[in-house]
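The structure appears below as structure tokens.
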2 protein chains.
Amino acid sequence: MSLEVFLKAIQTEVAQTQYGESPVELYEPIEYLMSLGGKKMRPLLTVMATNIFTDDWQKALKPALGVEVFHNFTLMHDDIMDAAPLRRGQPTVHEKWNPNVAILSGDVMLVCAYELMTAVDDKIFKHVIKRFNRTAAEVCEGQQWDMNFATRNDVTEEEYINMIRLKTSVLLGFSLELGGLIAEAGEEATQLLYDFGTNIGIGFQLKDDILDVYGDPEKFGKQVGGDIIENKKTWLLLKALELSKGKAEEAELQKWIDAKEFDKEVKVKAVTEIYNSLGIRALAEAQMNKYFNTGLADLEKLNAPIERKTPLIQLTKQLIERES
Amino acid sequence: MSLEVFLKAIQTEVAQTQYGESPVELYEPIEYLMSLGGKKMRPLLTVMATNIFTDDWQKALKPALGVEVFHNFTLMHDDIMDAAPLRRGQPTVHEKWNPNVAILSGDVMLVCAYELMTAVDDKIFKHVIKRFNRTAAEVCEGQQWDMNFATRNDVTEEEYINMIRLKTSVLLGFSLELGGLIAEAGEEATQLLYDFGTNIGIGFQLKDDILDVYGDPEKFGKQVGGDIIENKKTWLLLKALELSKGKAEEAELQKWIDAKEFDKEVKVKAVTEIYNSLGIRALAEAQMNKYFNTGLADLEKLNAPIERKTPLIQLTKQLIERES
């Protein structure tokens, strides 16, 4: 089965799913956010994982959508916390409606995610929910660490990797594990799927950090250098702070971090040059490749015919090579 | 088993439960809100319902706590939406920390509620979660209706009763139903428990509305007349608006509703006098008693020895007679 077939099935499932009717303030924002697109990476991972072991991958569609609904719930609430005006190029829910609507509609969305999970077989249901609970709590923990880091000046590389593991990777890991559980793939296989997911998840986030600085402006879709403008503590900035210690770049970098008024383009250019002189890009790419390769090695260890794993390998390659 | 024994067991369970460790911003607010007291009515209803059918009521403690954690999650988020400074006489989470902490900590709290539900037997787990999902969504719907009513001038009595059914009653109903499910009491019994709970829940909220106007200031614990000051659309106000139509009280009541500047005590006294002249108190008490009595009749229909139902009857009487 090809990636496109899975994606189409997921899009049909999204279009057919109804979350509730009234009051409209509660359910319209869910439909709105779910209709804005996005890569549908998490449900894709779930159905592809199921399809490694069984042709009946369609039984994974509803729980896969549950993961996507959960992911979008975190976006709805994170966007309030980050005061983000746009999501996928469109107004965020708290901007289009108001923050109270975004809080409450998000709450119902989390409940809807649990409801979609009830589509799995009774015999795996409690285990699925326990794993989903653990994952959901970890995603919230990651978001809180991310917010805490904004006001801290002593964030280590290890803390950063752990934060993105919690905020982003564990949900990718769970998406794959869920697919394995639905296919009754056994403990070893579901663990390998989870490990594969968390590793490519970390690689995925590092790719994000790299693209934000080194993306092709014509293909990136967002403003290149957005993280630099905001002093966002990405892997690149943390590494630059570490490697510049005692060098000329140390004061220069700190000057730009402390600057209250600046021309955005000038700052982006200057900080990028500091990154270049410290060789940050190559280090970041090496780190990213390490995680992607560890993930691919996990997938290789999985005892299944190679052709069943092809769509997952294909998707991983797309993530490695993506330009936006 | 007496009410006090159940309450003590629940308090011990609350004290022993750990929700998570770090980051502290995520888990301290949960401990804080759960430690502020409250009647623990919902978990009491769950364990008492289980105890109707089995002496092993302690197996209901963890899921009962799940209902309490869910209830407190709704308080944490509702307090943000209502910009409430105090909860149980102490600063609300969004005031003591900040709104972002209250959003995210509340989200984790909802996840914790689902995790506590996993303590029920595998064979009833999916049904419990489906019923919990339905209830949770309805509670959010009730909160949204309540917010919508604040800016509407055409709220009917029927809409109001439906709003409090969703916002307050269905969770009391579910608390009891859950106790029945844990005891494997059978479909008819769990339905009667649910009906009993939703009916006393509506009675409970009407009692709240009545106490806010007619409570004894020395026993009530809050400012008497708070709802009148805020023009809160309680059953009493809606009934007064309906019954005053075409009478002298109509303009007088509208004058106080529209007043931008007023002495709070004078407004409370004036509106209370309008209620008195329209006989609102007796009507509200009749309505409240109707729901309490319907609830008690549901409980009577339940096929179980009367002495097993005594604690529930006792608790209901406390709710009817409460002064705060």
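Would you pick out the residues in the range B:74-96 that are closer than 19 Å to B:Gly37 by Cα and assigned to a loop (DSSP other than H, G, I, E, B)?
Correct list: B:Ala84, B:Pro85, B:Arg88, B:Gly89, B:Thr92.
Give me the pairs: first residue in the range A:168-189 and more than 30 Å from A:Trp145 (Cα to Cα), second residue part of a helix (DSSP H, G or I) and open to solvent by 10 Å² or more (accessible area, probe 1.4 Å), beta-carbon distance under 6 Å, and six or more apart or on different chains, which are they?
A:Ala183/A:Phe53; A:Ala185/A:Phe53
Considering the range A:88-112 alone, what residues qualify as being free of Cβ contacts under 8 Å to residues at least 60 places away in the same chain, more than 9 Å from chain B (Cβ to nearest Cβ) and buried (at least 22 other Cβ atoms within 10 Å of the Cβ)?
A:Thr92, A:His94
If you scan the range A:126-148, which residues turn out to be at the interface with chain B (Cβ under 7 Å from one of its Cβ atoms) and within 15 Å of A:Phe174 (Cβ to Cβ)?
A:Ile129, A:Lys130, A:Asn133, A:Ala136, A:Ala137, A:Cys140, A:Glu141
Of all residues in the range A:12-50, count the ones that are under 19 Å from the mean Cα position of the chain (by Cα), polar (S, T, N, Q) and farther than 29 Å from A:Asn303 by Cβ.
Result for the range A:12-50: 1.
Which residue pairs have Cβ atoms closer than 7 Å, lie 6 or more positions apart in sequence or on different chains, and pair a first residue in the range A:117-128 that is assigned to a helix (DSSP H, G or I) with a second residue that is small (Gly, Ala, Ser) and open to solvent by less than 50 Å² (accessible area, probe 1.4 Å)?
Within 7 Å, the pairs are A:Met117/A:Gly66.
Taking B:Lys267 as the residue in question, decide whether it is open to solvent by less than 40 Å² (accessible area, probe 1.4 Å), at pLDDT 95 or above and either in a helix (DSSP H, G or I) or not polar (S, T, N, Q) (or both).
So B:Lys267 fits the description; yes.
Which residue is least open to solvent (accessible area, probe 1.4 Å), if the candidates are limited to the range B:275-324 and must be acidic (Asp, Glu) and under 29 Å from B:Gln223 (Cα atoms)? Before you say what the answer is, go through the steps one by one.
Pass one, the range B:275-324, residues acidic (Asp, Glu): B:285, B:298, B:300, B:307, B:321, B:323.
Okay, now just the ones that are also under 29 Å from B:Gln223 (Cα atoms), so B:285, B:321, B:323.
Working: B:Glu285: 62, B:Glu321: 130, B:Glu323: 84 Å².
Here the residue is B:Glu285.
Check off (1) surrounded by fewer than 22 Cβ atoms within 10 Å (Cβ to Cβ); (2) in a helix (DSSP H, G or I) for B:Val155 and give me the number that stays unchecked.
Unmet for B:Val155, out of (1) surrounded by fewer than 22 Cβ atoms within 10 Å (Cβ to Cβ); (2) in a helix (DSSP H, G or I): (2).
List the residue pairs whose Cβ atoms are under 8 Å apart, where the first residue sits in the range B:306-324 and is within 19 Å of B:Asn51 (Cα to Cα), the second is hydroxyl-bearing (Ser, Thr, Tyr) and open to solvent by 10 Å² or more (accessible area, probe 1.4 Å), and the two are 6 or more positions apart or on different chains.
Correct list of pairs: B:Pro311/B:Ser2.
How many residues, within the range A:206-236, are farther than 12 Å from A:Ser324 by Cα, part of a helix (DSSP H, G or I) and either in contact (Cβ under 8 Å) with a residue 24 or more places away in the chain or not assigned by TED's automatic domain parsing to the domain that holds A:Leu296 (or both)?
To start, the set of residues in the range A:206-236 that are farther than 12 Å from A:Ser324 by Cα comprises A:206, A:225-236.
From what's left, part of a helix (DSSP H, G or I): A:206, A:226-229, A:235-236.
Retained after the next criterion (residues that are either in contact (Cβ under 8 Å) with a residue 24 or more places away in the chain or not assigned by TED's automatic domain parsing to the domain that holds A:Leu296 (or both)): A:206, A:228-229, A:235-236.
Number of matching residues: 5.
Would you pick out the residues in the range A:158-191 that are over 19 Å from the mean Cα position of the chain (by Cα) and either acidic (Asp, Glu) or part of a helix (DSSP H, G or I) (or both)?
A:Gly180, A:Leu181, A:Ile182, A:Glu184, A:Glu187, A:Glu188, A:Ala189, A:Thr190, A:Gln191
What are the residue pairs meeting all of these: first residue in the range A:69-86, first residue at the interface with chain B (Cβ under 8 Å from one of its Cβ atoms) and farther than 11 Å from B:Ile103 by Cβ, second residue surrounded by 22 or more Cβ atoms within 10 Å (Cβ to Cβ) and modelled with pLDDT under 95, Cβ atoms under 6 Å, and 6 or more apart or on different chains?
Within 6 Å, no pair qualifies.
Please state which one of B:Thr198, B:Thr118 is in contact with a Lys or Arg (Cβ under 8 Å, 6 or more places away or on another chain) and within 14 Å of another protein chain (Cβ to nearest Cβ). Before you say what the answer is, go through the steps one by one.
Details: B:Thr198 fails: within 14 Å of another protein chain (Cβ to nearest Cβ).
The unique qualifying residue is B:Thr118.
Regarding the range B:125-142, can at least one residue be identified that is touching a Pro at 6+ places or on another chain (Cβ under 8 Å), modelled with pLDDT of 95 or more and buried (at least 22 other Cβ atoms within 10 Å of the Cβ)?
yes
The values are calculated or read from the model by the stated rules, or taken from the named source; none is laboratory data. The shown structure was predicted, so the numbers you read here are calculated from the model rather than taken from an experiment. No Cβ is skipped: glycine too gets one built from the backbone with ideal geometry, and neighbour counts run over all protein chains shown. Protein only, heavy atoms only, side chains kept; ligands, DNA and RNA dropped before computing areas. Shrake-Rupley method; radii C 1.70, N 1.55, O 1.52, S 1.80 Å.
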